[in-house]
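The values are calculated or read from the model by the stated rules, or taken from the named source; none is laboratory data. Since we're looking at a predicted model, the values are computed, not measured. Every residue, glycine as well, gets a Cβ built from its backbone with ideal geometry; the counts of neighbours run over all protein chains shown. SASA here: full protein model, heavy atoms, side chains in, ligands and nucleic acids out. Shrake-Rupley method; radii C 1.70, N 1.55, O 1.52, S 1.80 Å.
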Amino acid sequence: MNINSLRLENHFTEMSLIGKIGETGTNRPAHSADEKKAFELASTWIQDAGMQTRIDNFGNLIGTLKGTNPDLPILMLGSHLDSQPYGGRYDGVAGVLCAIEAVKTLTENNIKPERTIEIISFADEEGWRFNKGLFGSRGILGKLEEGELQRTDADGISRKKALEDFGCDTTKFADSEYKEGSVYCYLELHIEQGPVLEFGNHPIGIVSGISGPLWLTVKLKGMAGHTGSVPMPMRKDALVGASEIILEINKIANSVPGNPTVGTCGTIKVFPASRNIIPEECEFTLDLRDIDLDRRNRYEKQLRDKINEVCKKHNLTAEISEDWNSEPRYCADWIKDLIKQNCDKINLDAPELMSGPFHDAMAMSYVCDYGMIFIRCKDGISHNPLEFSTPEDLALGTEVLYGTVWDILEQ
C-alpha cells in the first residue's frame with residue numbers, strides 16, 4: 001500500500017475530538033467556532049502535504065498544490081468538515097482527510113504534477129443550520145440564490161453575520177468564484193451512508209450517479225375546533241389530511257419493488273398543537289428522490305394529485321413551496337473506469353451503485369466531470385453517532401483515490 005494507513009487513522013481520531021458529543025458523536029455547525037478549529041487542524045496536515053491554505057469568502061477551506069503548468073485546469077478533491085447536529089465522525093470528513101493523505105503520498109514521493117491540485121472542505125454542505133445546503137460548492141460557481149445571506153439559524157443569527165464572524169467578506173464573493181473552465185474534474189470520497197456495500201461484503205463502491213432530490217414544503221389549512229364537540233363529518237382536520245399525504249409518498253416510493261426511488265416526510269409542525277383542539281394548520285416537508293428523472297416527475301404528479309384529492313375530501317387548502325429541485329447527475333464514465341482500474345490493481349471487486357444523498361459533487365457536476373468513491377459503513381448508518389467505517393476500509397478507499405489521482409495527472 002502506498003498511503004500511510006496509520007497516519008490516516010490518527011487524523012480521523014484527532015478530528016473526531018472537535019465538536020465531540022458523547023463517545024462517538026459530532027456536532028460541528030457550519031461557520032462555527034468548532035468548524036474553524038477543524039479547519040485549523042486540517043490546515044496543519046494540508047500544509048504538511050506541501051500545499052498552501054486559505055479560507056475564501058464563502059467559508060471554504062482550500063489547499064493548493066501548484067502545478068508546473070498553472071494554465072491547466074485544476075484537479076479538485078474534497079468534501080466537508082461540517083456535521084449534522086447529532087452526527088458521526090466520517091460523513092464528509094472522510095472525503096477531506098483521505099484527499100489530504102493522497103496528496104501527502106504524492107509529495108512524499110517527490111511527484112511534481114503539471115496540473116494544480118486543490119483540496120476543498122466546502123462550507124455548509126449539510127444545510128441544517130440555515131436550511132440550505134451545498135453553500136460553499138454553489139458559492140464558488142456563482143450559484144447562490146437571492147436571500148441566502150438573510151437566512152437565520154435557530155438562534156436568529158443570519159448567514160451573513162455567521163460568515164463575517166468566521167472572517168469572511170460577504171461583499172467580495174466574486175473574488176472567490178472560479179472562472180468557467182478552471183476545474184478539470186472533481187473527485188470525492190465518501191462513506192456510502194447506506195447498507196448496499198456491507199450487504200454485498202464490498203469495502204469499496206464506484207458511484208454511478210447522484211439521485212435528483214425534490215424537496216417540497218406543504219402547508220395545509222383547515223379549521224380549529226373543540227375535539228369534544230365538533231362532529232367528525234364536519235371537521236376540517238389539517239393533520240388528518242397531512243397523514244394521508246405522508247402515507248402516499250411512502251406508498252409511491254414502494255410502488256415498484258427494487259426501484260431506487262425514496263420518499264420521506266422529515267418534519268411536521270401542527271398549529272395550535274393542543275390535545276383538545278382540532279389541528280387547524282399542518283406544515284410538513286416531503287423529500288422525493290430518484291436516479292430516473294422521468295419516473296420522479298411522474299411520482300411528483302401523483303403526489304400533487306393526492307394533495308388536491310385530500311384537500312377536497314377534508315375541505316382544506318394547501319400551499320406548496322419547492323425548496324430544492326435537482327435532476328440526477330451521472331458520474332463521468334472515464335473517471336469511473338480509472339477508479340475501477342485502481343480497484344482491480346488491489347484485487348477489489350467494487351460494484352457500481354448510485355448515491356441517494358446529494359453531495360458537493362452534485363454542484364460541481366454542472367461545471368466539470370466528476371467521480372465518487374464510496375466506503376462501506378456499518379449497518380448503513382449515517383447522520384448518527386453510530387456511524388462507522390473501519391480504518392482498513394478507509395485506507396483501501398484512500399489507496400484507490402491516490403491511484404486515481406495519479407492516473408488523472410498522467411493524462
Looking only at the range 53-63, decide whether some residue is among the polar types (S, T, N, Q), part of a loop (DSSP other than H, G, I, E, B), open to solvent by 20 Å² or more (accessible area, probe 1.4 Å) and under 25 Å from Phe173 (Cα atoms).
-> yes
Which of the following residues is at pLDDT below 95 and touching a Lys or Arg at 6+ places or on another chain (Cβ under 6 Å): Pro260, Pro213?
-> Pro213
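Let's see how each residue does on (1) hydroxyl-bearing (Ser, Thr, Tyr); (2) loosely packed, with under 14 Cβ neighbours inside 10 Å:
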{"residue": "Phe284", "(1), (2)": "no, no"}
{"residue": "Arg296", "(1), (2)": "no, no"}
{"residue": "Tyr299", "(1), (2)": "yes, no"}
{"residue": "Asp305", "(1), (2)": "no, yes"}
{"residue": "Ser326", "(1), (2)": "yes, no"}
{"residue": "Glu352", "(1), (2)": "no, no"}
{"residue": "Ala361", "(1), (2)": "no, no"}
{"residue": "Arg376", "(1), (2)": "no, no"}
{"residue": "Phe388", "(1), (2)": "no, no"}
Selection count where residues are closer than 16 Å to Thr217 by Cβ, in contact with a Pro (Cβ under 8 Å, 6 or more places away or on another chain) and among the aliphatic types (A, V, I, L, M), scope the range 281-317 = 1
Among what's in the range 132-160 and is of a type in the set (S, T, N, Q) and without any contact (Cβ under 8 Å) to a residue 24 or more places away in the chain, pick the residue that is least open to solvent (accessible area, probe 1.4 Å).
-> Ser158
Verdict on Glu244 being modelled with pLDDT under 95 and more than 30 Å from Asp393 (Cβ to Cβ) = no
Hey, among the residues in the range 390-411 that are under 19 Å from Cys185 (Cα atoms) and in contact with a Pro (Cβ under 8 Å, 6 or more places away or on another chain), which one's surrounded by the most Cβ atoms within 10 Å (Cβ to Cβ)?
-> Gly397
Subset of the range 260-282, residues open to solvent by 50 Å² or more (accessible area, probe 1.4 Å), among the hydrophobic types (A, V, I, L, M, F, W, C) and farther than 20 Å from Met234 by Cα, comes to Val262, Ile268
Output for the range 65-107, where each listed residue is over 14 Å from the mean Cα position of the chain (by Cα), in contact (Cβ under 8 Å) with a residue 60 or more places away in the chain and assigned to a helix (DSSP H, G or I) | Leu97, Cys98, Ala99, Ile100, Glu101, Ala102, Val103, Lys104, Thr105, Leu106
Among Glu9, Glu101, which is open to solvent by 10 Å² or more (accessible area, probe 1.4 Å), closer than 23 Å to Ile204 by Cα and of a type in the set (Asp, Glu)?
-> Glu9
Any chance Gly258 is of a type outside the set (Phe, Trp, Tyr) and on the phi > 0 side of the Ramachandran plot = yes
Please specify each residue of the range 197-256 satisfying the condition of being out of contact with any helix residue (DSSP H, G or I) (no Cβ under 9 Å at 6 or more places or on another chain), under 30 Å from Leu187 (Cα atoms) and open to solvent by 60 Å² or more (accessible area, probe 1.4 Å).
-> Asn201, Trp215
